[in-house]
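See below for the structure under consideration.
The values are calculated or read from the model by the stated rules, or taken from the named source; none is laboratory data. Just so it is clear, the structure is predicted and the values come from calculations on it, not from any experiment. For neighbour counting, all protein chains shown are included, and Cβ atoms are generated from backbone atoms with ideal geometry for every residue, glycine included. Note: areas computed on protein heavy atoms with side chains; ligands, DNA, RNA excluded. Shrake-Rupley method; radii C 1.70, N 1.55, O 1.52, S 1.80 Å.
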Amino acid sequence: MSAKIYYDTDADLGLLSGKTIVFLGFGNQGAAQAQNLRDSGIPNDKILIANREDAYAEDAKSKGFTVEHDFAKAASVADVLFLLIPDQVQQRVYNGQVAPTLKANATIVVASGYNVFYQLLEFKPTQDVVMVAPRMIGSSVRSLYEKGKGFPCFVSVEQDGTGSGLATALALSKAIGATKAGAIASSVREETAMDLFAEQALWPHIIMLFREAFSVLKEAGCSDEALCYEMWMSKEPAEIFERAAEEGFIKQLKHHSSVSQFGQLSGALALDGKDAREHFKNILYNQVLNGKFCKEFSKIEADLEKEGAENPLNELYRKSEESELGQAEKRVRQRLAGLL
Ligand code: NDP
């Protein structure tokens, strides 16, 4: 199944002419996207940054933007509203302070599918809801734009209240520099499924595999120092993934010795992956796509602001660091710090 890819030639910046574009949030993505959009020719007086009165607001002012601290006031003038605050606060902030004053024909832009897919945000049926989701951190969104390059990005129209949602989404994608390298047609379902699947199925397996491999090799007499460097501190895994992105997931193996290539390819083919596949399907269908995780996460969300053991995330860190891998790395890093 191949996806449609949109390029600069598919988008018309003229559609944004005269529109007031509000960025709610001037953090990682907000700062990058607002600057790119302005550098693409959207007049500064048509861009408004909505942010609480703090360092982010100061940063926006220092970059020459007009800043509004009253979100309801900012929303009332928005033809386009980029919702670029953290996913976990969007429901509360958007529904409480933005939605009531937002124009009936406004375009709401999200950079992640989560809140739209799980229907946590309240939209009017006449509004456009689009996703323009860079697959990069904000600093790269900005630096690649400055170098005249594009960046990978997903684009979708989730609600076409005005009938021109796609044209607007593409114009906005072009303005932030996302159609230069090609913006991939996607959906909030696809984006959320892949994002949460990676976080809840793939990476937990990778963490578990490293943890167990560490313990087995330690038991066989390998030192903490040798293991930490062999397994990740040398940055070899980072290099492998970099080459996988540039040359090919399998092809990058050609940079390894014949012994390594033989071991990796024959070893991977010998594992049928049946148990992993069943586990992955269970996570995808019974935890991610059915909304179970979202419901459970919303129950503990407020606790993430707490200090110490009352914060469930702190407890997860504490338990994870109790592993042999966690304890050994702590010792190795303390020793290395002592050498500096
Ligand atoms: P950040 O954590 O960088 O957002 C910080 C901004 O949000 C600041 O302007 C901050 O202002 C504001 N903010 C934080 N909490 C609140 C609050 N309670 N009320 C009002 N404003 C608040 O977010 P990101 O840029 O990382 O993420 C924005 C969106 O982009 C998300 O949907 C995310 O999933 C998506 N995305 C992020 C990527 C990334 O690399 N980080 C990549 C692709 C998409 P202040 O604290 O002053 O209020």
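Criterion applied to Val77, Val89, Val109 was being in contact with a strand residue (DSSP E or B) (Cβ under 9 Å, 6 or more places away or on another chain), at negative phi and open to solvent by less than 40 Å² (accessible area, probe 1.4 Å), and the one residue passing it is Val109.
The residues in the range 45-80 that are touching a helix residue (DSSP H, G or I) at 6+ places or on another chain (Cβ under 6 Å), of a type in the set (S, T, N, Q) and in a helix (DSSP H, G or I) can be counted, and the count is 1. Among the residues making up the range 283-340, a single one is assigned to a loop (DSSP other than H, G, I, E, B), farther than 21 Å from Thr192 by Cβ and touching a Lys or Arg at 6+ places or on another chain (Cβ under 9 Å): Ser323. Take the conditions within 8 Å of the ligand (Cβ to nearest atom) and not β-branched (Val, Ile, Thr) and apply them to Tyr56. Does it pass? So Tyr56 fits the description; yes. If the condition is being more than 8 Å from the ligand (Cβ to nearest atom) and in contact (Cβ under 8 Å) with a residue 24 or more places away in the chain, then the range 15-30 contributes Leu15, Leu16, Gly18, Lys19, Thr20, Ile21, Val22, Phe23. Within the range 160-200, being of a type in the set (Ser, Thr, Tyr), more than 18 Å from Leu83 (Cβ to Cβ) and touching a strand residue (DSSP E or B) at 6+ places or on another chain (Cβ under 6 Å) holds for one residue alone: Thr179. Might you let me know whether the range 225-240 holds any residue that is basic (Lys, Arg) and in a helix (DSSP H, G or I)? No; the residues of the range 225-240 include none that is basic (Lys, Arg) and in a helix (DSSP H, G or I). Filtering the range 112-141 down to residues that are open to solvent by 40 Å² or more (accessible area, probe 1.4 Å) and closer than 18 Å to Gly182 by Cα, which residue is nearest to the ligand (Cβ to nearest atom)? Step by step, filter the range 112-141, then rank; the result is Ile137. Based on this model, can you work out whether Asp59 counts as in the same structural domain as Gly150 (by TED's automatic domain parsing), among the charged types (D, E, K, R) and over 22 Å from Leu144 (Cβ atoms)? No; evaluated as a whole, the condition is false for this residue.
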